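The structure appears right after this line, and notes come after that.
The values are calculated or read from the model by the stated rules, or taken from the named source; none is laboratory data. Predicted model only: the values in this text are computed from it and were never measured. Ideal geometry is used to build each Cβ from the backbone, glycine not excepted, and the neighbour counts take in all protein chains shown.
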Amino acid sequence: MSGIDPILLLAALMVGSTPILLAAIGELVVEKSGVLNLGVEGMMITGAICGFAVAVETGSPTLGFLGAAAGGAALALLFGVLTQFLLSNQVATGLALTLFGLGLSALIGQAYIGVRPPPTPRVDLGPLTDLPVVGRVIFGHDFMVYVSLALVVAVWWILRRTRAGLILRAVGENHDAAHALGYRVVLVRLAAILFGGACAGLGGAYLSLIRVPQWTEGMTAGAGWIALAIVVFSGWRPFGVLVGAYLFGGVSVLQLNLQAAGVAVPVELLSMSPYLITILVLVVMSSRSRTALGAPASLGKAFHATT
Amino acid sequence: MTGAALLSVEGVTKAYPGVVANDDVSFSVAPGEVHALLGENGAGKSTLVKSIYGLVQPDSGRMTLHGQPYAPATPHDARRGGVAMVFQHFSLFEALDVAENVALGMENPPPLRQLARRIAEVSQAYGLPLDPGRTVGHLSAGERQRVEIVRCLLQNPRLLIMDEPTSVLTPQEVEILFATLRRLAAEGTAILYISHKLQEILALCDAATILRQGRVVATCDPRESTARELAELMVGGTLQTPTRETAEPGAVLLEVRSLSLAPANAFGTALRDVSFEVRRGEVLGIGGVAGNGQDELLAALSGERRASAEAIRLEGRAIGDAPPPERRRLGLLAAPEERLGHAAAPDMTLTENAVLSAAARMNLTRHGFLRWRAARDYAGRIISAFDVRTSGPGAAARSLSGGNLQKFVIGREVLQRPEVLVVNQPTWGVDAQAAAQVRQALLDLAAQGAAIVVISQDLDELMEIADRFAALNEGRLSPPRPARGLSVEEIGLMMGGAHDMETAHVA
């Protein structure tokens, strides 16, 4: 245990949690609009390779992240067209999207195995970064960490306080009533799906450009599925998603450190601990709150205007 | 009340594949007029008002509003023109609060805090108390309708469309609604009132346009007509009222004692200490506003949800914890309210749907295998005995119209010759002819010695067929009383009266 530096651990926690946080906050918006997109994993890995490829070709990590968002959104657009216009089944389409994304990313990634991406600079917050302890833990990261936190606050504020957010929640709650009042259910959902895809793409690129940083096939390793679980167990609340993602990231980093420190616990148990602990904590959290009310009532139901 | 029309509709036609919903419909509404649109289900009333509210684009014809050509492409256009609408199935969002629901129905809502204040003001002024911060899922049906009405009032509408607004209200709540509507009309708002309840139209409306099969068949002044005249215009023929010979009720068949059941979900209702008994040859009518425990009571009686064994007795035998197949075998059958998805599997054929409920009593299986021929014969018998209009036993349940599927669902249970039959909303959304047939079938079954429990929100129906009447209110059942001679006021009080509403102070 002595080999673990708590300050480094906390700093690594924020980096480790960001991919899942990005994907989960996007999926939260998608589900709030009443759409269940199980293709998060596929959109993440597509974002990972698109971001990686753009960053390597242009030498700019910022352009890389933009490319990742575009790649994730493009895959999401496919899902949106299939489910919203052609009324295909959301669950089946989402699963297919994940498989498609994994295959597509492997194909694009052929040429990029073993390449190193351009480094993403850390944000220099001047005196804040120079603060003892806190400076290293909170203020010494790359810009995407702060983008992800800003997204959480923005999503919370928009859903809670703005008319656009109200309409989005209304569409997810009762699409027939929203249609009867004259709201464009399909367009609202399509916008949410694109936003979710872009966020998942950013999350994937964070893995390939910053966290790892290099490209390997299947590198998301189930992060998209954890993001989906976090959305549900957080009761569809943005700050619940933040807690869930940081918890998962924290336990992941901790168990890696424990493995490295050679603790006498089987590696398999340590490896499964982040999944286990995150789900347990979120289940306990959600069981005593009004989670049932957070679930959008039209989640996963296809909308077709009958008249 | 005369003068230039506020809204005039000329020659509006709208066809869907296979059916002409509106055929050359013309009428006009003057400011301050309460105008009734009257017709059976499927006569085209809803399509017509959807055209006026911008939800449907008519194929031809034109409309004018305030003398200007009017062709709303979306409900937003309609609202900007001063047209507001209260929907038959509420257009509300259960998980959102009252203020948010109101904001969604407005074109330019003020910030929520300011809006909450205006909701409080308007609801006070019209005697429709509402708490803007409450979640709509926790409101009663009457309160939900208040939300819809206040949402309309906040936009100062010139034309208010009300699509079957009273189907979920107690008689007292209906009175309050009418007082509000009369006050609005006195202030110059035109009201387009859609209903098939004739008494309401006689009590409220200044003019009536009657639709049948998409066409205007008559325009009349309801103040100078009788309910019978309007009814015959509506159905285009004479109506037969169900009849029965009155027989002395026999032994007690079904006995429910202190039945209590927790709600199945967050917005459900708990049954509290429900007790009643039904005798051979008797029809017990259970009224009440929707959402007061009707679905839960049916589920407890059918066996979908288990109670304690002693709570329900069939011919003295404790069956409160028996599953549905066992209850069916013993002779307790049930037909739930929701036709598609609860009473019938939408994509399965009528034969298959018949097997699902009648397999045991009608011997439609042998050694675990289906006897298809017997099942088809049974479905065929239902179809011919109950005059179900369909292509045959092989048709999917989904392909039948509401009234025909309802006849099939009721017929499927009746032909099994149950000892006790429990039905929920047997004629909901069914046209007058089919409704009369269904009621007659229930009465005939009772005359043959079965005990019938009819749960319904249609008080006229219950008064027509029930021997005794009881009302559900927040999961409690009032003591049953003989139906004959009950006044509307007494029934209203049994249903819980006008829950915390006050009459509008007519200025």
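Against the criterion of being in the same structural domain as residue B:200 (by TED's automatic domain parsing), of a type in the set (S, T, N, Q), touching a Pro at 6+ places or on another chain (Cβ under 6 Å) and free of Cβ contacts under 8 Å to residues at least 60 places away in the same chain, residue B:123 qualifies. Just one of the listed residues (B:95, B:103, B:84, B:99) is free of Cβ contacts under 8 Å to residues at least 60 places away in the same chain and more than 8 Å from chain A (Cβ to nearest Cβ), and it is B:99.
Residue pairs whose Cβ atoms lie under 7 Å apart, sitting 6 or more positions apart in sequence or on different chains, and linking a residue in the stretch A:175-189 that is facing chain B (nearest Cβ under 8 Å) to a partner that is surrounded by fewer than 20 Cβ atoms within 10 Å (Cβ to Cβ) and of a type in the set (Ser, Thr, Tyr), are A:182/B:74.
Look at (1) away from chain A (no Cβ under 14 Å); (2) touching a residue at least 60 places away in the same chain (Cβ under 8 Å); (3) under 30 Å from residue B:227 (Cα atoms); (4) in contact with a strand residue (DSSP E or B) (Cβ under 8 Å, 6 or more places away or on another chain) and you find that residue B:41 fails only one, number (4).
Against the numbered list (1) over 30 Å from residue B:135 (Cβ atoms); (2) among the charged types (D, E, K, R); (3) buried (at least 22 other Cβ atoms within 10 Å of the Cβ), residue B:10 comes up short only at (3). The residues on offer are B:461, B:413, and the sole one that is among the acidic types (Asp, Glu), under 17 Å from residue B:350 (Cβ atoms) and buried (at least 18 other Cβ atoms within 10 Å of the Cβ) is B:413.
With respect to residue B:384, determine if the residue is hydroxyl-bearing (Ser, Thr, Tyr), under 26 Å from residue B:198 (Cα atoms) and not assigned by TED's automatic domain parsing to the domain that holds residue B:88. Spelling it out, it is not the case that residue B:384 is hydroxyl-bearing (Ser, Thr, Tyr), under 26 Å from residue B:198 (Cα atoms) and not assigned by TED's automatic domain parsing to the domain that holds residue B:88. All conditions in (1) in contact (Cβ under 8 Å) with a residue 60 or more places away in the chain; (2) out of contact with any Pro (no Cβ under 8 Å at 6 or more places or on another chain); (3) among the aromatic types (Phe, Trp, Tyr) hold for residue A:139, with the sole exception of (1). Considering the stretch B:115-152, the residues that are closer than 20 Å to residue B:182 by Cβ, aliphatic (A, V, I, L, M) and in contact with a Leu (Cβ under 8 Å, 6 or more places away or on another chain) include one that is surrounded by the most Cβ atoms within 10 Å (Cβ to Cβ), namely B:149.
The set of residues in the stretch A:109-146 being under 30 Å from residue A:82 (Cβ atoms) and surrounded by fewer than 16 Cβ atoms within 10 Å (Cβ to Cβ) consists of A:110, A:111. The residue of the stretch B:116-137 that is modelled with the highest pLDDT, among those that are within 11 Å of chain A (Cβ to nearest Cβ) and part of a helix (DSSP H, G or I), is B:136. Just checking, does the stretch B:148-159 include any residue being under 20 Å from the mean Cα position of the chain (by Cα), assigned to a helix (DSSP H, G or I) and under 30 Å from residue B:489 (Cα atoms)? Yes, the stretch B:148-159 has at least one match. Tallying residues that are modelled with pLDDT under 90, in a loop (DSSP other than H, G, I, E, B) and either surrounded by 20 or more Cβ atoms within 10 Å (Cβ to Cβ) or touching a Ser or Thr at 6+ places or on another chain (Cβ under 7 Å) (or both) within the stretch A:218-235 yields 2.
One line per residue, one yes/no per condition, for (1) small (Gly, Ala, Ser); (2) touching a Cys at 6+ places or on another chain (Cβ under 7 Å); (3) within 14 Å of chain B (Cβ to nearest Cβ):
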position	(1), (2), (3)
A:155	no, no, no
A:160	no, no, yes
A:172	yes, no, yes
A:197	yes, no, no
A:205	yes, no, no
A:223	yes, no, no
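Here residue B:58 passes the criteria (1) under 28 Å from the mean Cα position of the chain (by Cα); (2) within 8 Å of chain A (Cβ to nearest Cβ) except the one numbered (2). The condition of being modelled with pLDDT under 95 and closer than 25 Å to residue A:159 by Cβ holds for only one of A:29, A:91, that being A:91. Only one entry of B:334, B:290, B:307, B:299 meets the criterion of being within 24 Å of residue B:408 (Cβ to Cβ) and part of a loop (DSSP other than H, G, I, E, B), and that entry is B:290. Taking the numbered list (1) free of Cβ contacts under 8 Å to residues at least 24 places away in the same chain; (2) closer than 24 Å to residue A:303 by Cα; (3) surrounded by 13 or more Cβ atoms within 10 Å (Cβ to Cβ) in turn, residue A:74 passes all entries but (1).
So that you can scan it fast, the table gives a plain yes or no per residue for (1) touching a residue at least 60 places away in the same chain (Cβ under 8 Å); (2) small (Gly, Ala, Ser):
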{"position": "B:275", "(1), (2)": "yes, yes"}
{"position": "B:284", "(1), (2)": "yes, no"}
{"position": "B:288", "(1), (2)": "yes, yes"}
{"position": "B:295", "(1), (2)": "yes, no"}
{"position": "B:303", "(1), (2)": "no, yes"}
{"position": "B:310", "(1), (2)": "no, no"}
{"position": "B:324", "(1), (2)": "no, no"}
{"position": "B:337", "(1), (2)": "yes, no"}
{"position": "B:341", "(1), (2)": "no, yes"}
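Looking for something part of a helix (DSSP H, G or I), in contact with a Gly (Cβ under 7 Å, 6 or more places away or on another chain) and either of a type in the set (Gly, Ala, Ser) or farther than 30 Å from residue A:83 by Cα (or both) - is there at least one such residue anywhere in the stretch A:167-189? Yes, some residue in the stretch A:167-189 is part of a helix (DSSP H, G or I), in contact with a Gly (Cβ under 7 Å, 6 or more places away or on another chain) and either of a type in the set (Gly, Ala, Ser) or farther than 30 Å from residue A:83 by Cα (or both).
Which residues, taken from the stretch B:34-70, are at pLDDT 90 or above, of a type in the set (Gly, Ala, Ser) and under 22 Å from residue B:189 (Cβ atoms)? If the condition is that a residue be at pLDDT 90 or above, of a type in the set (Gly, Ala, Ser) and under 22 Å from residue B:189 (Cβ atoms), then B:36, B:51, B:54 are the ones that fit. Might you check whether a residue that is of a type outside the set (A, V, I, L, M, F, W, C), in contact with a helix residue (DSSP H, G or I) (Cβ under 8 Å, 6 or more places away or on another chain), in contact (Cβ under 8 Å) with a residue 40 or more places away in the chain and under 26 Å from residue A:86 (Cα atoms) occurs anywhere in the stretch A:213-228? Yes.
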